[in-house]
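Below is one structure, written out as structure tokens; the observations come after it.
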Amino acid sequence: MDGDGALRGRPMLEKRPSHRERHFTAGEVVRDVIMGVSDGLTVPFALAAGLSGASAPSSLVLTAGLAEVAAGAISMGLGGYLAAQSEADHYKREMKREQEEIITVPDTEAAEIGEIMSQYGLEPHEYGPVVDGLRRNPQAWLDFMMRFELGLEKPDPKRALQSACTIALSYVIGGLVPLLPYMFISTAQNAMLTSVGVTLVALLFFGYIKGRFTGNRPFISAVQTAIIGALASAAAYGMAKAVQAR
């Protein structure tokens with residue numbers, strides 16, 4: 001057979017062009033940033049508006065706001081750490097339990113592989129070799145059961161600390177935005193008006209970026225985020241005014 005004949009006899013898969021898949025894989029980091037920034041923009045904003053409504057001076061609003069940002073960052077970061085650590089502990093417990101089941105009741109676990117495969121439309125004669133192959137490789141078998149039976153992904157061992165730092169830093173960045181006007185404007189009412197404008201712009205921008213990363217419509221996400229922040233600050237301001245009127 002000549003060279004052309006050999007080329008024609010090769011599988012088409014050998015002649016396919018190279019393909020590079022692009023997937024977004026930083027979902028957990030983005031989730032932490034969204035959690036930290038959204039709360040950081042909203043909570044100090046509402047606190048500053050409430051204190052301004054109570055006719056507190058800018059210095060007091062700023063002091064209380066910075067204290068809240070520090071406390072909120074620590075609280076949010078600790079919450080993120082505990083959540084990630086609990087997820088890792090849960091994975092370890094389930095992996096140990098699944099490992100024991102593979103050792104003590106291998107036939108039952110092998111039958112579960114078949115049940116999982118059948119959910120994808122595969123027949124016994126099609127998934128039989130896969131079951132046999134996994135039974136010869138206990139670690140691959142364990143990984144398969146963790147992912148496809150329990151729906152659990154192995155967590156990054158550094159995830160808890162990274163989550164805590166990301167959430168805390170994001171909260172600080174978001175929390176400083178509504179407090180910036182109080183650093184430069186001595187009159188609380190004037191500072192509050194500036195803070196409202198600055199924070200609403202930040203909420204719109206953050207909501208838009210959040211929509212782009214999460215796959216939602218960016219403009220709708222921007223409007224929703226701004227509305228939530230505005231309602232929170234308006235509620236805090238109204239409550240302060242109501243209390244002061246008494």
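For the range 30-245, the per residue solvent-accessible surface stands at 56 Å², with DNA, RNA and ligands left out and a 1.4 Å probe.
Simple point charges give the picture: +1 on the Cβ of Lys and Arg, -1 on the Cβ of Asp and Glu, and for the range 30-245 a dipole about the Cα centre of about 1260 debye.
Volume of the convex hull of the range 89-171 (Cα atoms only), normalised per residue: 104 Å³.
Counted over the range 30-245 with a bin width of 10 Å, the fraction of Cα pairs per bin, in whole percents, is 8, 24, 21, 16, 13, 10, 6, 1.
Using a 1.4 Å probe over the heavy atoms of the protein chains, calculate the carbon and sulfur portion of the accessible area of the range 123-225 as a whole percent. Accessible surface attributable to carbon and sulfur in the range 123-225 totals 64 percent. The 1.4 Å probe gives accessible areas that order 66, 152, largest first, as 66, 152.
Taking all protein chains together and a 1.4 Å probe, the residues 90, 125 rank 125, 90 from largest to smallest accessible area.
The values are calculated or read from the model by the stated rules, or taken from the named source; none is laboratory data. All of these numbers come straight from a predicted model, not from anything done at the bench. Please note: Cβ atoms are built from the backbone with ideal geometry, for glycine as well, and neighbour counts cover all protein chains shown. These accessible areas exclude ligands, DNA and RNA; they are computed on the full protein's heavy atoms, side chains included. Shrake-Rupley method; radii C 1.70, N 1.55, O 1.52, S 1.80 Å.
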